[in-house]
């Protein structure tokens, strides 16, 4: 006696679906460089690089079943920030003492760079023994971050109805029994 999938207990249905998922998962994995997904992503990114098109329809048997898109990062403008660097700790130490900060001297020695930056940012003062250094982060153009694949399983099931064994078509169709 053959039992229909929908008549199986939930744990057996889960086992069948998990087995299918495990077998197919590696082939659609974004982490596997040998997968079909990786090959499709490489092709999609090459299309974007050569044409500028970020998205295309995914077709099965002439029917649109989803989209495959390239995700683009925003990039960023060049940024310059100023910071102080303690070049002469003795001169800086004398500056701190002159500012009547003797009691904080021990702590400040541990935090010299932070204190110097605080003096510049808060008071616009460059303490003795320090100099201003400009750090520039170069501009970064927008870059490809990856791809997004959106597939509608019901549309795939409709597009390939009659091409797959009834059991597989039934699973793609959301669990309805086929004849």
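The values are calculated or read from the model by the stated rules, or taken from the named source; none is laboratory data. Everything numeric here is computed off the predicted structure, so don't read it as measured data. Neighbour counts are summed over all protein chains in view; Cβ atoms, including those assigned to glycine, are modelled from backbone coordinates with ideal geometry.
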> What number of residues in segment 144-164 are surrounded by fewer than 11 Cβ atoms within 10 Å (Cβ to Cβ) and either in the same structural domain as residue 55 (by TED's automatic domain parsing) or in a strand (DSSP E or B) (or both)?
Replying inline: 0
> How many residues does segment 4-24 hold that are surrounded by 13 or more Cβ atoms within 10 Å (Cβ to Cβ) and modelled with pLDDT of 90 or more?
Replying inline: 0
> Of all the residues that make up segment 93-115, how many are modelled with pLDDT under 70 and in a helix (DSSP H, G or I)?
Replying inline: 11
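Of all residues in segment 54-92, how many are outside any strand (DSSP E or B), under 23 Å from the mean Cα position of the chain (by Cα) and farther than 30 Å from residue 133 by Cα?
Looking only at segment 54-92, we keep the residues that are outside any strand (DSSP E or B), and these are 54, 61-62, 73-75, 77-78, 87-92.
Cutting the leftovers down to under 23 Å from the mean Cα position of the chain (by Cα) gives us 54, 73-75, 77-78.
Still in the list and also farther than 30 Å from residue 133 by Cα: 54.
Count: 1.
I need the full set of residues from segment 116-142 which are surrounded by fewer than 11 Cβ atoms within 10 Å (Cβ to Cβ) and assigned to a helix (DSSP H, G or I), in order please.
Start the filter on segment 116-142 by keeping residues that are surrounded by fewer than 11 Cβ atoms within 10 Å (Cβ to Cβ), which leaves 122-124, 134-136, 138-139, 141-142.
Result: 122, 123.
Regarding residue 37, is this residue touching a residue at least 24 places away in the same chain (Cβ under 8 Å) and either in a helix (DSSP H, G or I) or under 30 Å from residue 162 (Cβ atoms) (or both)?
Details: touching a residue at least 24 places away in the same chain (Cβ under 8 Å): yes; either in a helix (DSSP H, G or I) or under 30 Å from residue 162 (Cβ atoms) (or both): yes.
It is true that residue 37 is touching a residue at least 24 places away in the same chain (Cβ under 8 Å) and either in a helix (DSSP H, G or I) or under 30 Å from residue 162 (Cβ atoms) (or both).
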